[in-house]
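Participant: Pasting a structure here, questions to come.
The values are calculated or read from the model by the stated rules, or taken from the named source; none is laboratory data. Keep in mind the model is a prediction, meaning the values are calculated, not measured. No Cβ is skipped: glycine too gets one built from the backbone with ideal geometry, and neighbour counts run over all protein chains shown. In case anyone asks, the SASA skips ligands and DNA or RNA and just uses the protein heavy atoms, side chains included. Shrake-Rupley method; radii C 1.70, N 1.55, O 1.52, S 1.80 Å.
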Amino acid sequence: METGLGRDQQQFKKISPAKICSALFLLAAAGCLPFNDSQFDPDGYFWAVIHLFCVGAYRILQKSQKSNALSDIDQQYLNYIFSVVLLAFASHPTGDLFSVLDFPFLYFYRFHGSCCASGFLGFFLMFSTVKLKSLMTPGQCAAWIFFAKVITAGLSILLFDVILTSATVGCFLLGGLGEALLVFSERKGA
């Protein structure tokens, strides 16, 4: 009979060095970016940290379940519902609930249209990712997701008013290297 600790050690030994380096590069890039961001806004990073904890808790919950009875689509719907409920309750203590009326673009139709477009595009991206995962091997799927992330990062730099410094570009490149190593480890494992 195997104990839980022994099983966890065996799973840890299965993790490739490329995947560990990938995680370290991604953590270093994400950790250094706030210190090198010339347009630093603590509220944005606060919500990013909350998102990180939600995703981490979701992954831990997903890995801890023995039988995965929910489909990928059902898991995504539950993730969206949980996020909306958590953010709705978290917006009051942080003061964001009442400061929304002071938002300068609140009454512009372009802002509302952009929010709706972002929601629809996010939904279709999630839907296509789920379909992609069911049609391809994990390595191929990881390569396509990496390609989409590179295009998204490039377009966001072009579309938004971003002040690029050498340190910020270094953080982007380190994050890209971490993502590329993750794709390499997925393809090697497949």
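Participant: If you consider only alpha-carbon coordinates, what radius of gyration and Dmax does the stretch 32-99 have, in Å?
Facilitator: For the stretch 32-99, the Cα radius of gyration and maximum Cα-Cα distance read 15.3, 46 Å.
Participant: Moving on to the next point. Candidates (i) 16.9, 56; (ii) 19.2, 64; (iii) 20.6, 63; which is the computed Rg and Dmax of the Cα atoms in Å?
Facilitator: (ii)
Participant: Can you give the accessible area per residue of the chain, in Å², using a 1.4 Å probe?
Facilitator: On a per-residue basis, the chain sits at 76 Å².
Participant: For the chain, please report how many Lys pairs fall under 23 Å Cα to Cα, leaving out neighbours fewer than 8 apart on the same chain.
Facilitator: Pairs that pass both the separation and distance tests number 20.
Participant: I've got another one for you. What ranking do 93-102, 124-133 get when scored by the average of other Cβ atoms within 10 Å per residue, highest first?
Facilitator: 124-133, 93-102
Participant: Tell me, what is the percent relative contact order of the stretch 31-190, built from C-alpha pairs under 8 Å that lie six or more residues apart?
Facilitator: Computed value for the stretch 31-190: 34 percent relative contact order.
Participant: Another one. Report, in order of residue number, the helices in the chain meeting two criteria: a C-alpha extent of 20 Å or more along the helix axis, and a mean Kyte-Doolittle hydropathy of at least 0.0; treat each whole DSSP H run as one helix.
Facilitator: Passing helices, by number: 17-36, 42-64, 72-91, 109-135, 138-159, 166-189.
Participant: Rounded to a whole number, what % of the accessible area of the chain do carbon and sulfur atoms account for, probe 1.4 Å?
Facilitator: It is 72 percent, rounded to a whole number.
Participant: Considering the dipole of the stretch 32-147 built from charges on the beta carbon (Lys and Arg +1, Asp and Glu -1) around the Cα centre, which of Pro42, Ala117, Ile145 is farthest to its positive end?
Facilitator: Ile145
Participant: Here's another thing I want to ask about it. Once you charge only the Cβ atoms, +1 for Lys and Arg and -1 for Asp and Glu, what is the size of the charge dipole of the chain about its Cα centre, to the nearest 20 debye?
Facilitator: Roughly 920 debye, rounded to the nearest 20.
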